[in-house]
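The values are calculated or read from the model by the stated rules, or taken from the named source; none is laboratory data. As the structure is a prediction and not an experimental result, all values here were calculated from the model. Cβ placement follows ideal geometry from the backbone for every residue including glycine, while neighbour counts extend to all protein chains displayed. What goes into the accessible areas is simple: the full protein's heavy atoms, side chains included, and nothing from ligands, DNA or RNA. Shrake-Rupley method; radii C 1.70, N 1.55, O 1.52, S 1.80 Å.
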Amino acid sequence: YAFLVHFLDPKNTVVTCHDLIPLVMDRMYDRTALCPLGKKIYKYILSGILKAKKVIAVSESTKRDLIKYLKCNEENIIVVYSGVDSRFKKENELGHLEEIKRKYNLPDSKYLLHVGNCNWYKNIPGILHSLKMLLSKDIDIILIKVGERFTKEQKELKLVIFL
């Protein structure tokens, strides 16, 4: 929503940037998402970031991308890693973990967690290859997928069994 900075007082505005995937992976993104008009609109939206008093980047990588691709002033960027407030962390509080395992019928195991969508830039094949490699070494591990379901094409990779 960086375009909103065009309509707000930039001196009192802070913008959070999660990533610049369409700019960073421009050639690949062209094939799948942004037409020329879409690219112009996206660049206009991003130009609002340059007006904001401060920009929160969710990683050092995003900070570097802001500097490289948008020529954002490094002094205006603050890196704040994504996190969860401690009140949401119930680390086995009164058997909470066991309760979750029972609720979702999860066996005792190690888990590989993927949270998010299945867009091409999320490297789902890499996740599935890694899981297959771990399983081939007799490492007891289960993939838990939260968010969008795997696509038909991703399931057809036949790297793991999907339930």
Most mobile listed residue (Asp19, Asp140, Asp85) in the chain, GNM with C-alpha springs under 10 Å:
Asp85
Compute the FRET efficiency between His129 and Lys51 as 1/(1 + (r/R0)^6), taking r as their Cβ-Cβ distance and R0 = 35 Å, and round to the nearest 0.05.
0.25
Please report the Cα spread of the chain along all three principal axes, rounded to whole Å, starting with the longest.
53, 42, 24
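If each residue of separation counts as 0.36 nm, what is the full-extension length gain between Ile141 and Asn12 once their alpha-carbon separation is subtracted? Please list the in-between numbers first.
Working: separation 129, 0.36 × 129 = 46.44 nm, distance 4.75 nm.
Gain in length upon complete extension: 41.7 nm.
Of Lys110/Lys132; Lys40/Lys71; Lys68/Lys122; Lys43/Lys63, which pairs sit farther than 20 Å apart, going by alpha carbon to alpha carbon?
Details: Lys110/Lys132 14 Å; Lys40/Lys71 17 Å; Lys68/Lys122 22 Å; Lys43/Lys63 17 Å.
In this structure, Lys68/Lys122 lie more than 20 Å apart at Cα.
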Contour minus end-to-end for Arg149 and Val24, with contour as 0.36 nm per residue of separation and end-to-end as the Cα-Cα distance?
42.5 nm
Protein accessible area in the chain, 1.4 Å probe - carbon and sulfur %
56
